[in-house]
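Working notes, beginning with the structure itself.
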Amino acid sequence: MSTVVETQSVAPQAKRGGRWIEHWEPEDPSFWEATGKRIARKNLFFSILAENLGFTVWSLMSIVVVSLGSVGFAFSVGQTFWLLIVPNLVGAVLRIPYTFAVPRFGGRAWTTVSAGLLLIPTTMLAIAVSNPGTPYWFFLLTSAAMGFGGGNFSSSMANISFFYPEGKKGLALGLNAAGGNLGVAMVQLIVPIVISIGTGVNLAYAALFWMPFIIVAAACAWFLMDSLTQAKPDGTSYKKALSNKHTWVMSFLYIGTFGSFIGFSFAFPSLIKLSFVEYKSFVGLAFLGALIGSVSRPFGGWLADRFGGARMTMAVFLGLAVGTVGLLVSIEVRSFGLFFGSFIALFVLAGVGNGSTYRMIPAIFAAQTADVRSAKRQAAAVVGIAGAIGAFGGVLVNLVFKFSLEGSKTLAPALTAFLVFYGLCMATTWWFYMRRRVFSRVPSLAYAGV
């Protein structure tokens, strides 16, 4: 049993060697105002910096592939999409061990390591595009290394969740997630500009440009961030979460929201180039999708608080279905304006859905048990599990695009598949969280904002 430390003596006794904090009581208002808030905000800031670069490197290949042909790499449509699929897949798999890395190594050390690992894929990319004889397998290996950036989300979210009190955790995690997601928009905005510096296309700049920022982020994490001794792994909550059906229901729904966001983000630049060759100059505007999707995420949580998470999620999937119909029409009538506008709408809706589904998770588990502490721990575990499975949704999205373009030379089969999937998501949301019979069995579900 640990001893209680008086709030007045917290500041001088809070830390031991290696920037570890031994006493952390964010739920104590006096501690939070005197010590906790300042430290938590500092760690949040540098966490966002590292996570943002993680998303940047994770999605770097999404904008690099559209320029590979101009520097002498003639890859097929299938090969191109594998370069988009592999980082998605590796990033999704890494999210699970990354979640447990913070309790094992400490937030400061692991943020430093996870940021530093980003130098591996950027170095590999610079080497790959600088040598005209680079084999395709090396590009695949480079894409796989970019998956390091995809794992950063889970460790970053787990780390920040330990620093904040429950009443302020939602905003902090929302800012952390949105700040990370913005990395996708940043890379798709900046890379086309950077590689055009000088004469011709200098694709190595797409990798070299980010290296100084990665070094700065790793250094800031090491010298300025902290680790909490109270950030302990909670295997019991994970076991309970894995046996709860709502974990898998919400993970399925998160495939529809975050899977759509990250999958579309990776594919959008290539889809513009492949589907509307005459408008390939508009590839530089692809960043708008990821940007708007990232910014709209916090609004999803706010709207879920106001109108109910299930209602907002149902509205999101209905909107995604309508947007997909718009894409089908745009392909049929060859309207680039409708194509681009429909995709932007999909990004907005996916971003809102990311926020609304994440809002549903704690409400569902709070409604299932009177043990508030257990409910919060299970909800935190589900957030990690759903985050990993949702990222895997990006793999599925790009696989569907790949098979559609290879098999029929059009996006129509892929879009039809997405339309059916969004219909399944609507049915799932209604069946588990909107039926009147569900509320009669668990009345608090409606009150909890589900």
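The values are calculated or read from the model by the stated rules, or taken from the named source; none is laboratory data. For clarity, every value in this text was computed on a predicted model and none was experimentally measured. With ideal geometry, Cβ positions are generated from the backbone for all residues, glycine too; neighbour counts draw on all protein chains shown. Just so you know, the surface numbers come from the protein's heavy atoms only, side chains and all, with ligands and any DNA or RNA stripped out. Shrake-Rupley method; radii C 1.70, N 1.55, O 1.52, S 1.80 Å.
For M186, which of the numbered conditions (1) touching a Ser or Thr at 6+ places or on another chain (Cβ under 7 Å); (2) closer than 17 Å to A128 by Cβ fails to hold?
It fails just one condition, (2).
Hey, does region 328-347 have a residue that's small (G, A, S), assigned to a helix (DSSP H, G or I) and under 19 Å from the mean Cα position of the chain (by Cα)?
Of region 328-347, the ones small (G, A, S) are 330, 335, 337, 341-342, 345.
From the residues that got through so far, the ones that are assigned to a helix (DSSP H, G or I) too are 330, 337, 341-342, 345.
Remaining after also requiring under 19 Å from the mean Cα position of the chain (by Cα): 345.
Yes, there is a match, as at least one residue in region 328-347 is small (G, A, S), assigned to a helix (DSSP H, G or I) and under 19 Å from the mean Cα position of the chain (by Cα).
Please work out which residue is farthest from F153 (Cα to Cα), limiting yourself to region 117-135 and to residues that are assigned to a helix (DSSP H, G or I) and of a type in the set (S, T, Y). Quick ask: steps written out before the conclusion?
Of region 117-135, the ones assigned to a helix (DSSP H, G or I) are 119-130.
Subsequent filtering for residues that are of a type in the set (S, T, Y) retains 122-123, 130.
Numbers: T122: 18, T123: 22, S130: 30 Å.
Per the stated criteria, the residue is S130.
For region 191-245, name all the residues that are among the β-branched types (V, I, T), within 30 Å of A386 (Cα to Cα) and open to solvent by less than 40 Å² (accessible area, probe 1.4 Å).
Of everything in region 191-245, those that are among the β-branched types (V, I, T), within 30 Å of A386 (Cα to Cα) and open to solvent by less than 40 Å² (accessible area, probe 1.4 Å) turn out to be I214, T229.
So which residues in region 297-320 are at pLDDT 90 or above and of a type outside the set (K, R), if there are any at all?
Restricting attention to region 297-320, the residues satisfying the condition of being at pLDDT 90 or above are 310-320.
Matches in region 297-320: A310, M312, T313, M314, A315, V316, F317, L318, G319, L320.
Listed residues G174, G147; which is at pLDDT 95 or above, of a type outside the set (A, V, I, L, M) and in contact with a Pro (Cβ under 7 Å, 6 or more places away or on another chain)?
Details: G174 fails: at pLDDT 95 or above.
When all the criteria are applied, what remains is G147.
Given K37, K42, which one is at pLDDT 95 or above and among the charged types (D, E, K, R)?
Sole residue among the options that is at pLDDT 95 or above and among the charged types (D, E, K, R): K42.
Looking at region 259-290, which of its residues are over 12 Å from V184 (Cβ atoms) and either open to solvent by less than 10 Å² (accessible area, probe 1.4 Å) or among the basic types (K, R) (or both)?
So in region 259-290, the residues over 12 Å from V184 (Cβ atoms) come out as 259-260, 270-285.
Once the filter is applied, which keeps residues that are over 12 Å from V184 (Cβ atoms) and either open to solvent by less than 10 Å² (accessible area, probe 1.4 Å) or among the basic types (K, R) (or both), region 259-290 yields G259, S260, S270, L271, I272, K273, F276, K280.
Yes/no per residue for (1) under 18 Å from A177 (Cβ atoms); (2) small (G, A, S); (3) open to solvent by 50 Å² or more (accessible area, probe 1.4 Å):
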{"position": "V86", "(1), (2), (3)": "no, no, no"}
{"position": "Y98", "(1), (2), (3)": "yes, no, no"}
{"position": "A128", "(1), (2), (3)": "no, yes, no"}
{"position": "S156", "(1), (2), (3)": "yes, yes, no"}
